[in-house]
Amino acid sequence: MRKIIQAGIAGILALGLSASALAADTWPSKALTLIVPFGPGSSPDVMSRVIAEQASKTLGQPIVVQNRPGASGNLGTGVIAKSAPDGYTFGVSITGPMVNNTILYANLPYDPKKDISPLTLGVHQPNILVVPAQSDIKTLDDLIQAMKVPNSAYNFPSTGAGTVSQLSVELLLERAGGKAVHVPYPSSPAAVTSLLSGDTHFAALPPIAVMPMIKDGRLRALATVSSKRASFLPDTPTVEELGYPGIEGSGWIGFVAPAGIPDNIKKQLGDALISAIANPEVQARLKAQFMEPVGNQPEEFAQYMDDELARWAPLIKRLNLSVN
């Protein structure tokens, strides 16, 4: 009798293991959900839809985009973190929820290090340092020297306290020894409007917000806030070229999954996304939005976020920035 029971148990375990292996082998067997922590039409939303459309062809299943905006991206990123780690729910996030908000917020509903697994960095959106076309400032050096003049009273807009559009300028000011007053605005369009109206003097803003005005001559680009020139502004130098290395003002967007996702499924999903990002048609569509495609490995993406934290955390603390 004991032998019969043992054989039965062994059979059940074998069936369970076989079923588990079969489930892993057949992933994905249904539609996937891609969480976007921002609203429809936002840069993360646009990027997600372009890449998901191509990745779904590789995976053989539809990828349904679900927008979950709120709390500066923390709400949707928290949804990703708390989802079942089975590969059927993943998402995108940006430097705020994944890096800066860990310093800005006293309490987050998730821990980016423990609850979220990086898949691949999708795109960079390097901020562009601009001035109004009618400004006497022609170069970055002109701007730095002007801000060093006593009582110069320069100011700059951003898309909010603690965002890359503020922090990249603050880091530049710190390195160069210039002074300017930060004026936060609720959005990129509002910040651009302040420049065009003369309420503010210069800014480092996302390319999608300033490129149309650079092209039509209303804004002048002084530098790309990056170590690498932007493909859409090949003749504009970087701040690194102009003597200020280590200032990376990128509005990057990356793909992430809940922690605990099985390695084989994580690789299959990540590879499908990386392959989609490398697709020439996808790259053309992303570059039309002034996005620089990346598509790297999970460990490279994780290292980049560590670099971002090392770059911004000390500055956020020195500026005494906080949200709650």
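The values are calculated or read from the model by the stated rules, or taken from the named source; none is laboratory data. Worth saying up front: this structure is predicted, and the values here are computed from it rather than measured. No Cβ is skipped: glycine too gets one built from the backbone with ideal geometry, and neighbour counts run over all protein chains shown.
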Considering the range 97-127, residues that are modelled with pLDDT of 95 or more and small (Gly, Ala, Ser), and then whichever is farthest from Phe38 (Cα to Cα), we arrive at Ser117
Taking the range 281-297 and the residues there that are over 21 Å from Ile128 (Cα atoms) and touching a helix residue (DSSP H, G or I) at 6+ places or on another chain (Cβ under 6 Å), the one that is surrounded by the most Cβ atoms within 10 Å (Cβ to Cβ) would be Gly295
Criterion first (modelled with pLDDT of 95 or more, at positive phi and of a type outside the set (Asp, Glu)) does Gly60 satisfy it? yes
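Looking at the range 271-317, which of its residues are among the polar types (S, T, N, Q) and under 16 Å from Pro112 (Cβ atoms)?
Across the range 271-317, the qualifying residue is only Gln303.
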When you check Glu292 against the structure, is it under 15 Å from Leu167 (Cα atoms) and within 14 Å of the chain's Cα centre (by Cα), yes or no? no
Checked the range 68-89 for anything of a type in the set (A, V, I, L, M, F, W, C), crowded, with 20+ Cβ neighbours inside 10 Å and under 16 Å from the mean Cα position of the chain (by Cα); matches are Ile80
**Request:** Would you mind stating whether Glu241 is at pLDDT below 95 and among the charged types (D, E, K, R)?
**Result:** no
### Message
Scan the range 96-116 and tell me whether some residue there is under 14 Å from Ala302 (Cα atoms), assigned by TED's automatic domain parsing to the domain that holds Gly260, of a type outside the set (Asp, Glu) and over 15 Å from the mean Cα position of the chain (by Cα).
### Response
yes
Restricting the range 29-43 to residues that are of a type outside the set (Gly, Ala, Ser) and in a loop (DSSP other than H, G, I, E, B), the one surrounded by the fewest Cβ atoms within 10 Å (Cβ to Cβ) turns out to be Lys30
Pairs returned, first residue in the range 39-66 that is in contact (Cβ under 8 Å) with a residue 24 or more places away in the chain, second residue that is surrounded by fewer than 14 Cβ atoms within 10 Å (Cβ to Cβ) and among the basic types (Lys, Arg), beta-carbon separation under 7 angstrom, 6 or more apart or interchain, are Gln61/Lys30
Q. Has the range 190-200 got at least one residue that is of a type outside the set (Ser, Thr, Tyr), under 30 Å from Asn264 (Cβ atoms) and in contact with a Pro (Cβ under 8 Å, 6 or more places away or on another chain)?
A. no
Looking at the structure I just gave you, is Ile214 in a helix (DSSP H, G or I), out of contact with any helix residue (DSSP H, G or I) (no Cβ under 6 Å at 6 or more places or on another chain), in contact (Cβ under 8 Å) with a residue 40 or more places away in the chain and closer than 30 Å to Pro112 by Cα? no
Here the residues within the range 27-54 that are over 19 Å from the mean Cα position of the chain (by Cα) and not hydroxyl-bearing (Ser, Thr, Tyr) are Trp27, Pro28, Lys30, Ala31, Leu32, Glu53, Gln54
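Being in the same structural domain as Trp312 (by TED's automatic domain parsing) and among the charged types (D, E, K, R) is true for just one of Asp136, Asp142, Asp86. Which residue is that?
The match here is Asp86.
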Exactly one of Val130, Val92, Val46, Val65 is at pLDDT 95 or above, within 18 Å of Val256 (Cα to Cα) and either crowded, with 24+ Cβ neighbours inside 10 Å or in the same structural domain as Pro186 (by TED's automatic domain parsing) (or both), and that one is Val92
Sole miss for Ser188 among (1) within 24 Å of Gln283 (Cβ to Cβ); (2) assigned by TED's automatic domain parsing to the domain that holds Met147; (3) at pLDDT 95 or above; (4) under 22 Å from the mean Cα position of the chain (by Cα) is condition (3)
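Is it true that Leu195 is in the same structural domain as Ala153 (by TED's automatic domain parsing) and touching a residue at least 24 places away in the same chain (Cβ under 8 Å)?
Judged against the criteria, Leu195 is a match.
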Exactly one of Ala259, Ala278 is touching a Pro at 6+ places or on another chain (Cβ under 9 Å), free of Cβ contacts under 8 Å to residues at least 40 places away in the same chain, within 29 Å of Ala81 (Cβ to Cβ) and surrounded by fewer than 22 Cβ atoms within 10 Å (Cβ to Cβ), and that one is Ala278
Within the range 298-324, the residues that are crowded, with 18+ Cβ neighbours inside 10 Å and of a type in the set (Asp, Glu) are Glu308
